[in-house]
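Participant: What follows is a structure written as structure tokens; I'll ask about it next.
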Amino acid sequence: MKRWIGGGLILLMIAVLVLRGREGESRFERQIYVMGTLVTITLRAPGWAETDLAALVATVESDLNQFQQRWSPRGRGELAQLNAALASEASASVPAELQPLLTAAKGVADDSFGTFDPGLGALVQLWGFDDPEHFRELPPPADAITKARQRPHRLSHVQLSGNTLRAESPGLLLDFGAMAKGAAVSAALQRLQTAGISHAMVNAGGDLQVIGHAESRPWRIAVRHPRPPEDAPRLLVALELRDGEAVFTSGDYERYFEHDGRRYHHLLDPRTGEPATGSQSSTVLHEDPALADALATALFVGGSERFYDLVDEFGLTYAMLMDDQGIVHATPGFLERAQWLTDVRFAQEQAAQ
Ligand code: AMP
Ligand code: MG
């Protein structure tokens, strides 16, 4: 069986669905397809002409296209060029445009107990999760995984000083798939804010950030259930968001194939080179979308074992994990704000609260 998020499917598999506003609210909404994702931009801008809003969305679209090119591991953008240099050299100079996000990503990689690491680009390619055209129906042979792991595959083992990146040896391939969408959403909202918009939501295939509010009440969103029970809503939990908050989810339902009764998905454990086990989905609510994105991936890979370590390390107030048994682990802050939309089983530490 194979699945790939893309095109029309995205509508079915979207991780967070926006709960519709009340009738009569005047909202301007456009969808654009960029970074392999359907991005929905919702604006509430009383007094703006529709043509001006459409022009603004077109600017955001071109920003996002540029962003996609810059952060693609392959192709002709800045990251691809850095990867090309690192293929044959242990060190390379990092273009200025990549430096802030690369530094932030290294910070997360260094402190995430080995769960998050954009250095695993070669493994992502080996597993075929980098491109729908490379999709596999069987896991790669064990010796190919071993070989890929013999190449440098840890940003956390790399030295960054000034604009120089120094790996242990040639062969590092960087992939920012776990964090770039967060940075893109953040850049899109900043563009809207700079243009004078105060109320907006940018939703990139279920990962989103809001500013302002939805008319007289806060923006309300819902996170997808990774294994929706039959005849029940596909949604797990709803949240009301405050100005500037972002919600990012990583799930094993986004890109996967099944073989011999096991699901092989796109969230790899840098410690093993294989899809992480122990989680179905993870959600982080944070004011920094790039951090929310990276940490949702880290929480997924860390599973219930590392949930509280990661929460403490990064000072997360709002985070949730559904483990492979369908049991929910969540921070007290998340539990306070969560409106559960289906029956959920909580881990013992929560049940005791
Ligand atoms: P996300 O959907 O944000 O969790 O990101 C998943 C994408 O990030 C994958 O498609 C890979 O490109 C990349 N990736 C997979 N596993 C990891 C990991 N453990 N750390 C960093 N990036 C990863
Ligand atoms: Mg992520």
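The values are calculated or read from the model by the stated rules, or taken from the named source; none is laboratory data. Treat the numbers as computed from the prediction; the structure is a model and nothing was measured. Using ideal geometry, Cβ is built from the backbone for each residue, glycine included, and neighbour counts are taken over all protein chains shown. Quick note on the areas: whole protein, heavy atoms, side chains included, nothing else; ligands and nucleic acids left out. Shrake-Rupley method; radii C 1.70, N 1.55, O 1.52, S 1.80 Å.
Participant: What pairs can you find where one residue is in region 280-304 and closer than 17 Å to residue 224 by Cα, the other is among the β-branched types (Val, Ile, Thr) and near ligand 2 (Cβ under 9 Å from one of its atoms), and their Cβ atoms are less than 7 Å apart, with a gap of 6+ or different chains?
Facilitator: From region 280-304, the pairs are 281/249; 282/249; 283/249; 292/284; 296/249; 296/284; 299/284.
Participant: Would you tally the residues in region 114-144 being without any contact (Cβ under 8 Å) to a residue 12 or more places away in the chain and part of a helix (DSSP H, G or I)?
Facilitator: 4
Participant: Scanning for something surrounded by 22 or more Cβ atoms within 10 Å (Cβ to Cβ), of a type outside the set (Gly, Ala, Ser) and over 22 Å from residue 174 (Cβ atoms), does region 287-306 turn up at least one residue?
Facilitator: Pass one, region 287-306, residues surrounded by 22 or more Cβ atoms within 10 Å (Cβ to Cβ): 289-302.
Next, from what is left, pick out any that are of a type outside the set (Gly, Ala, Ser): 289, 291, 293, 295, 297, 299-301.
Subset that is over 22 Å from residue 174 (Cβ atoms): none.
So far as region 287-306 goes, no, none of its residues is surrounded by 22 or more Cβ atoms within 10 Å (Cβ to Cβ), of a type outside the set (Gly, Ala, Ser) and over 22 Å from residue 174 (Cβ atoms).
Participant: With the checklist (1) among the polar types (S, T, N, Q); (2) surrounded by 15 or more Cβ atoms within 10 Å (Cβ to Cβ); (3) within 12 Å of ligand 1 (Cβ to nearest atom) in hand, flag the one item residue 280 doesn't pass.
Facilitator: (3)
Participant: Mind checking which residues of region 31-77 are open to solvent by less than 70 Å² (accessible area, probe 1.4 Å) and assigned to a loop (DSSP other than H, G, I, E, B)?
Facilitator: 35, 36, 44, 45, 49, 72, 73, 75, 77 - these are the residues of region 31-77 that are open to solvent by less than 70 Å² (accessible area, probe 1.4 Å) and assigned to a loop (DSSP other than H, G, I, E, B).
Participant: Can you tell me which residue in region 86-109 is most open to solvent (accessible area, probe 1.4 Å), limited to those that are assigned to a helix (DSSP H, G or I) and among the charged types (D, E, K, R)? Give the steps one after another, and end with the answer.
Facilitator: Restricting attention to region 86-109, the residues satisfying the condition of being assigned to a helix (DSSP H, G or I) are 86-88, 96-109.
Applying the additional criterion that residues be among the charged types (D, E, K, R) yields 97, 106.
Values: 97: 86, 106: 27 Å².
Going through the qualifying residues, I end up with 97.
Participant: Filter region 276-292 down to residues that are within 15 Å of ligand 2 (Cβ to nearest atom) and more than 14 Å from residue 321 (Cα to Cα), then give me how many there are.
Facilitator: So the count comes out to 5.
Participant: Next question. Among (1) surrounded by 19 or more Cβ atoms within 10 Å (Cβ to Cβ); (2) under 13 Å from residue 175 (Cα atoms); (3) out of contact with any Ser or Thr (no Cβ under 7 Å at 6 or more places or on another chain), where does residue 81 come up short?
Facilitator: Going through the list (1) surrounded by 19 or more Cβ atoms within 10 Å (Cβ to Cβ); (2) under 13 Å from residue 175 (Cα atoms); (3) out of contact with any Ser or Thr (no Cβ under 7 Å at 6 or more places or on another chain), residue 81 breaks only (1).
Participant: Here's something else I'd like to know. Please state which one of 165, 160 is within 25 Å of the chain's Cα centre (by Cα), buried (at least 22 other Cβ atoms within 10 Å of the Cβ), in contact (Cβ under 8 Å) with a residue 60 or more places away in the chain and farther than 21 Å from residue 283 by Cα. Working first, answer last.
Facilitator: Numbers: 160 fails: buried (at least 22 other Cβ atoms within 10 Å of the Cβ).
Just one listed residue meets the conditions, 165.
Participant: Which ones in region 261-279 are free of Cβ contacts under 8 Å to residues at least 60 places away in the same chain and basic (Lys, Arg)?
Facilitator: 262, 263
Participant: If the requirement is being more than 15 Å from ligand 1 (Cβ to nearest atom), at pLDDT 95 or above, aromatic (Phe, Trp, Tyr) and over 19 Å from residue 222 (Cα atoms), which of these qualifies: 308, 264, 318? Break it down into steps so the answer makes sense when it comes.
Facilitator: Working: 264 fails: more than 15 Å from ligand 1 (Cβ to nearest atom); 318 fails: over 19 Å from residue 222 (Cα atoms).
Just one listed residue meets the conditions, 308.
Participant: Got at least one residue in region 254-262 being more than 14 Å from ligand 2 (Cβ to nearest atom), under 18 Å from the mean Cα position of the chain (by Cα) and hydroxyl-bearing (Ser, Thr, Tyr)? Even if it seems obvious, please write down each step before you answer.
Facilitator: Of region 254-262, the ones more than 14 Å from ligand 2 (Cβ to nearest atom) are 256-262.
Imposing the further condition that a residue be under 18 Å from the mean Cα position of the chain (by Cα) reduces the set to 256.
Narrowing the set further to residues that are hydroxyl-bearing (Ser, Thr, Tyr) leaves 256.
Yes: region 254-262 contains one or more residues that are more than 14 Å from ligand 2 (Cβ to nearest atom), under 18 Å from the mean Cα position of the chain (by Cα) and hydroxyl-bearing (Ser, Thr, Tyr).
Participant: Answer with yes or no whether residue 185 is assigned to a helix (DSSP H, G or I), within 20 Å of the chain's Cα centre (by Cα) and surrounded by 21 or more Cβ atoms within 10 Å (Cβ to Cβ).
Facilitator: Details: assigned to a helix (DSSP H, G or I): yes; within 20 Å of the chain's Cα centre (by Cα): yes; surrounded by 21 or more Cβ atoms within 10 Å (Cβ to Cβ): yes.
Taking the combined requirement at face value, the residue satisfies it.
Participant: When region 118-132 is examined, which residues are found to be open to solvent by less than 10 Å² (accessible area, probe 1.4 Å) and either within 15 Å of ligand 2 (Cβ to nearest atom) or closer than 15 Å to residue 180 by Cβ (or both)?
Facilitator: Of all residues in region 118-132, those open to solvent by less than 10 Å² (accessible area, probe 1.4 Å) come to 118-119, 121, 123, 127-129.
Selection gives 118, 119, 121, 129.
Participant: Here is a follow-up. Out of all the residues in region 189-241, which are within 16 Å of ligand 1 (Cβ to nearest atom) and in a strand (DSSP E or B)?
Facilitator: 202, 203, 204, 207, 208, 209, 223, 224
Participant: Related question: Out of curiosity, is residue 257 buried (at least 18 other Cβ atoms within 10 Å of the Cβ) and more than 28 Å from residue 148 (Cα to Cα)? Before the answer, list the steps.
Facilitator: Values: buried (at least 18 other Cβ atoms within 10 Å of the Cβ): yes; more than 28 Å from residue 148 (Cα to Cα): no.
When the stated conditions are applied, residue 257 does not pass them.
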